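Working notes, beginning with the structure itself.
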Amino acid sequence: MLTKLRSVEKMGIITTVEFQVHQREFHLLISDYRGLDITKVMSLWVWVGVLFTKNELRDDLLDIAQLEDLMFLNICEYYAFLVGRKDKHMWIREHIPSLI
């Protein structure tokens, strides 16, 4: 993902500062989850399902920090996916600052 986002920065679609913010966040996430059992890391993907549970159950199941990490990664993954579509470059330019 970072490689694709770097290419967006090199094309001038996002600024170097915007890329560096994303890069710093990626490195923080990597260091936070380094050494964790893979099942715990994969459980991040389960948190999205928690959003669809009844409200009274959510507080016991939801880890907000992990959910925020997952949402950040999903948004970045979508940006990286769109890099190959030149018609979406302006959309990326408009939306990446809002993530920061």
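Just so it is clear, none of the values below were taken in a lab; they were calculated from the coordinates. Everything numeric in this text was worked out from a predicted model, so none of it was measured. A quick note on method: Cβ atoms are made from the backbone with ideal geometry, for glycine too, and the neighbour counts reach across all protein chains shown.
Multiplying the sequence separation of Asp87 and Thr15 by 0.36 nm and subtracting their Cα-Cα distance, what value in nm do you get?
24.1 nm
Work out the FRET efficiency for Ala65 and His95 from their Cβ-Cβ distance, taking R0 = 25 Å, and round it to the nearest 0.05.
Taking R0 as 25 Å, the efficiency between Ala65 and His95 is 0.60.
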